[in-house]
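The values are calculated or read from the model by the stated rules, or taken from the named source; none is laboratory data. Please read all numbers here as calculations on a predicted model, not as lab measurements. Cβ sites come from the backbone with ideal geometry, for glycine too, and all protein chains shown count toward neighbours.
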Amino acid sequence: MTHYETVFILNPVLSEEQIKETVKKFESFLVSKGAKMISKEDWGLKKLAYPIQHKKSGFYHLFEFTSDGEPIGDLEVEFRRDERIMRYLTVKLDKHAVAWAEKRRTRNKQNA
């Protein structure tokens with residue numbers, strides 16, 4: 001199993017309920033394809049570096065998961081089909097990035 005991180009930006013005009021529904025949809029999609037969720041992070045509303053679809057901010061979310069790699073293409077197709085998603089990026093983590101992600105998770109738990 002390979003470690004992956006996916007960051008996606010949701011449209012800022014969505015309600016809190018719509019955001020939760022969208023995040024749950026993509027989490028369920030990954031789990032249904034055999035991925036194991038390691039962590040989810042809600043980074044909140046952030047200002048964008050440049051306008052996307054005439055929007056200057058968006059709700060950022062991060063998924064960290066392990067998978068055999070097969071559902072990544074399907075996940076990105078689902079992102080493209082959903083008008084609530086403004087941008088997304090999925091990266092494969094090497095051993096150094098996995099160690100850094102673990103440090104980030106423990107640091108976030110201590111600060112919470």
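For this structure, a couple of remarks:
- Some residue of region 37-45 being under 22 Å from Arg105 (Cβ atoms) and either outside any strand (DSSP E or B) or touching a Lys or Arg at 6+ places or on another chain (Cβ under 7 Å) (or both): yes
- If the condition is being touching a residue at least 60 places away in the same chain (Cβ under 8 Å), over 25 Å from Ala99 (Cα atoms) and either touching a Phe, Trp or Tyr at 6+ places or on another chain (Cβ under 6 Å) or outside any loop (DSSP other than H, G, I, E, B) (or both), then region 1-29 contributes Leu10, Gln18, Thr22.
- From the list Glu5, Glu41, Glu21, the lone residue that is more than 22 Å from Arg81 (Cβ to Cβ) and among the acidic types (Asp, Glu) is Glu41.
- The residue list Lys40, Lys95, Lys55, Lys36 contains one member that is free of Cβ contacts under 8 Å to residues at least 24 places away in the same chain and of a type outside the set (A, V, I, L, M, F, W, C), which is Lys95.
- Residue match in region 50-65 (condition: outside any loop (DSSP other than H, G, I, E, B) and exposed (fewer than 11 other Cβ atoms within 10 Å of the Cβ)): yes
- Taking the criterion of being among the basic types (Lys, Arg) and in contact with an Asp or Glu (Cβ under 9 Å, 6 or more places away or on another chain), the residues of region 1-39 that qualify are Lys25, Lys33.
- Evaluating Lys33 against the criteria (1) of a type in the set (Lys, Arg); (2) at pLDDT below 95; (3) exposed (fewer than 14 other Cβ atoms within 10 Å of the Cβ) leaves one unmet condition, (3).
- Residue count for region 70-112, restricted to those that are farther than 21 Å from Lys33 by Cβ and of a type in the set (Asp, Glu): 3
- Among the residues making up region 52-96, those that are of a type outside the set (D, E, K, R), under 16 Å from the mean Cα position of the chain (by Cα) and closer than 15 Å to Thr2 by Cα are Phe63, Phe65, Thr66, Ser67, Gly69, Pro71, Ile72, Gly73, Thr90, Val91, Leu93.
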